[in-house]
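Participant: Let me begin by handing over the structure; questions about it come next.
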Amino acid sequence: MRLPFSRFERELLTEINAARAQLYPNSWAFVKAFDILFGFLGCAPSVDIFIHFFEVKRQRNNLWVTLNNVPGRVLLTPFQSSFTGWKGRFFKVCCSDLVPSALDGFPLYWVRETRALKSKPFKKLSPDDQVACRILAEAGVLTPPP
Amino acid sequence: MSSRIPPPRVKPKDLYTWASSELLDECSCLLSTMAIRKHKGESCSYNHRAFARRHDDDITVLPCTLGEPVCGDERANDGVPLFYIYQVVF
């Protein structure tokens, strides 16, 4: 993880309406891998493309959030099947007095009403995002879109 | 000679009335250096001391105080905005 967050990371957290700590480790690994993959391909990552490949689910009895591959549209696989021992091992990140805006642009604190998001269909993506999906297909990382 | 008055003790249950007991109990209990040296399992825990420093002029990464719930906000941090991240190495 790198600080400060990228524009994509900030926009995604805002869209999901969740604090960073509410996402499970594997879910954040998806976010980072997606960001890195698009950087490698020379495309700008967007929240809409991300939601095309991943669904956002809330845990029933608590405030944790998971990101899951959309069936039949798997772009990335989980880094590790199960992480253990990470709960209870937290840092806190503060902004300095000099630049209080350094943490602007995404939810800082735990949110009760996180947003569960269904996958966005290809047809509802913007033309630019559809082009990015085709670049992904040409790069051989997923099956071609319709 | 003036003695410093300690800040009033914060009760997370009073501050975060919306939070479940499970979440309030989710406190940071950082590993000791000895525990890290003895750790034989997956390398998913990181030595917080490596991060407890100022990274640049804008952002500071700090270990949590003992018993600090991870659903806290700036009210429990002298009014300074913050967010929490967990220690995981991929």
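The values are calculated or read from the model by the stated rules, or taken from the named source; none is laboratory data. Because the structure is a prediction, the values reported are computed rather than measured. Don't worry about glycine lacking a Cβ; one is built from the backbone with ideal geometry, like all the others, and counts go over all protein chains shown.
Participant: Against the definition (of a type in the set (Asp, Glu) and at pLDDT below 55), how does B:GLU74 come out, yes or no?
Facilitator: Against the criterion (of a type in the set (Asp, Glu) and at pLDDT below 55), B:GLU74 does not qualify.
Participant: When you check A:ARG73 against the structure, is it closer than 30 Å to A:ILE135 by Cβ, basic (Lys, Arg) and at pLDDT below 90, yes or no?
Facilitator: Criteria met by A:ARG73.
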